[in-house]
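Engineer: There's a structure below that I have some questions on.
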Amino acid sequence: MKASSDAFVRRLLLAVACTTVLCLLVIAAFIFKEGLPFLLKVGPGNFLFSSDWRPDSGHYGILPMLVSSLYVTFGALLVGAPLGIAGAIFLSEFGPPALARVAKPAIELLAGIPSVVFGFIGVMVLAPIIRGAAGGPGLSILAASLVLGVMILPTIMSISIDALAAVPQSYREGALALGATKWQAVRMVVVKAAGSGLLAGTILGMGRAVGETMAVIMVAGNAVRMPRSVLDSGRTLTANIALEMGYATGMHRQALFATGIVLFVFIMILNGLASSALKRRAGKR
């Protein structure tokens with residue numbers, strides 16, 4: 001009876017795993033089916049490295065939107081990764097346990113807030129502050145980076161807390177027994193031992209920032225031009241797809257699917273780099 005039950009659970013889990021992989025393959029096949037003919041016709045170089053996006057005139061260059069996406073993503077990481085990891089270290093290693101028990105569910109609840117709420121706060125509060133303090137239109141790369149930095153905080157912090165909690169207590173006790181201070185034990189032993197989990201949380205936060213659409217549409221300004229500074233308005237790849245897919249037809253529609261291919265490949269490259277980094281760290285251990 002137990003053997004048959006184990007076999008049933010094994011088959012069920014295998015079916016779930018295969019279904020997940022199948023869904024990914026179907027999505028990838030659909031995107032490539034719609035966008036690959038356009039890439040082959042126009043040429044990847046002209047599509048990626050041209051700055052002229054005028055679909056009504058037959059010009060399909062996504063370089064300004066690609067650069068804006070990179071600016072917004074890495075700007076969000078500059079805000080979210082240090083704050084998320086530092087907050088996780090404080091709650092896990094230095095804060096009182098009662099605070100951690102209250103703060104961690106609150107942080108996870110923050111991840112459930114709709115992105116439109118963050119975008120609304122960015123438009124009504126953050127953009128006027130940036131416009132008054134630094135100039136520019138306010139709705140800018142900087143505003144989008146700050147909003148996304150806050151949005152990815154729950155992902156990075158929650159995973160980082162779990163990674164730090166998974167480090168055996170003997171590591172801390174051994175470092176303290178050798179004469180290290182509390183901070184030295186955390187910095188030189190605990191953080192290094194939890195490095196794989198911290199990196200995984202950062203990569204997942206980056207994936208959230210790359211794929212975010214609604215908040216970016218509201219606070220980035222959506223100007224289709226090459227941003228010269230973080231105070232300029234810009235339009236990301238995801239925002240361009242969301243704004244134009246509703247009325248796009250023909251080559252224009254295929255160009256938006258080709259943009260989806262670029263995003264798909266970009267995220268796959270990020271995941272591949274993260275996986276290789278995790279494998280290297282595991283090999284060194």
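The values are calculated or read from the model by the stated rules, or taken from the named source; none is laboratory data. No experiment lies behind these values; they were computed from the predicted model shown. In this analysis, Cβ positions are derived from the backbone assuming ideal geometry, glycine residues included, and neighbour counts consider all displayed protein chains.
Engineer: May I ask you to list the residues in the range 44-62 that are surrounded by 12 or more Cβ atoms within 10 Å (Cβ to Cβ) and assigned to a loop (DSSP other than H, G, I, E, B)?
Structural biologist: 50, 51, 52, 61, 62
Engineer: Take residue 193 and decide whether it is in contact with a helix residue (DSSP H, G or I) (Cβ under 7 Å, 6 or more places away or on another chain) and either under 26 Å from residue 114 (Cα atoms) or buried (at least 20 other Cβ atoms within 10 Å of the Cβ) (or both).
Structural biologist: no
Engineer: Would you confirm whether any residue within the range 177-198 is among the small types (Gly, Ala, Ser), closer than 21 Å to residue 270 by Cβ, touching a Leu at 6+ places or on another chain (Cβ under 6 Å) and assigned to a loop (DSSP other than H, G, I, E, B)?
Structural biologist: yes
Engineer: Given the criterion in contact (Cβ under 8 Å) with a residue 12 or more places away in the chain and either out of contact with any Phe, Trp or Tyr (no Cβ under 7 Å at 6 or more places or on another chain) or under 30 Å from residue 104 (Cβ atoms) (or both), identify the matching residue among 133, 165.
Structural biologist: Only one candidate passes the filter, namely 165.
Engineer: Continuing with the same structure: Tell me yes or no: at least one residue of the range 6-25 is farther than 30 Å from residue 227 by Cβ, in a helix (DSSP H, G or I), of a type in the set (Ser, Thr, Tyr) and out of contact with any Gly (no Cβ under 6 Å at 6 or more places or on another chain).
Structural biologist: Yes, there is a match, as at least one residue in the range 6-25 is farther than 30 Å from residue 227 by Cβ, in a helix (DSSP H, G or I), of a type in the set (Ser, Thr, Tyr) and out of contact with any Gly (no Cβ under 6 Å at 6 or more places or on another chain).
Engineer: Quick check on my filter: what residues within the range 134-176 are closer than 22 Å to residue 236 by Cα and not in a helix (DSSP H, G or I)?
Structural biologist: Within the range 134-176, 135, 136, 137, 138, 139, 140, 152 qualify.
Engineer: Taking the range 109-119, which residues are within 17 Å of residue 84 (Cα to Cα) and either small (Gly, Ala, Ser) or at pLDDT below 80 (or both)?
Structural biologist: Of everything in the range 109-119, those that are within 17 Å of residue 84 (Cα to Cα) and either small (Gly, Ala, Ser) or at pLDDT below 80 (or both) turn out to be 111, 112.
Engineer: Which condition from (1) touching a residue at least 12 places away in the same chain (Cβ under 8 Å); (2) closer than 20 Å to residue 71 by Cα; (3) surrounded by fewer than 16 Cβ atoms within 10 Å (Cβ to Cβ) is the one that residue 228 breaks?
Structural biologist: (1)
Engineer: Would you please name the residue that is modelled with the lowest pLDDT, looking only at residues in the range 207-225 that are over 13 Å from residue 69 (Cβ atoms) and in contact with a strand residue (DSSP E or B) (Cβ under 7 Å, 6 or more places away or on another chain)?
Structural biologist: 223
Engineer: Just checking, which of 65, 124 is farther than 30 Å from residue 186 by Cβ, loosely packed, with under 13 Cβ neighbours inside 10 Å and of a type outside the set (Asp, Glu)?
Structural biologist: That would be 124, the only listed residue that is farther than 30 Å from residue 186 by Cβ, loosely packed, with under 13 Cβ neighbours inside 10 Å and of a type outside the set (Asp, Glu).
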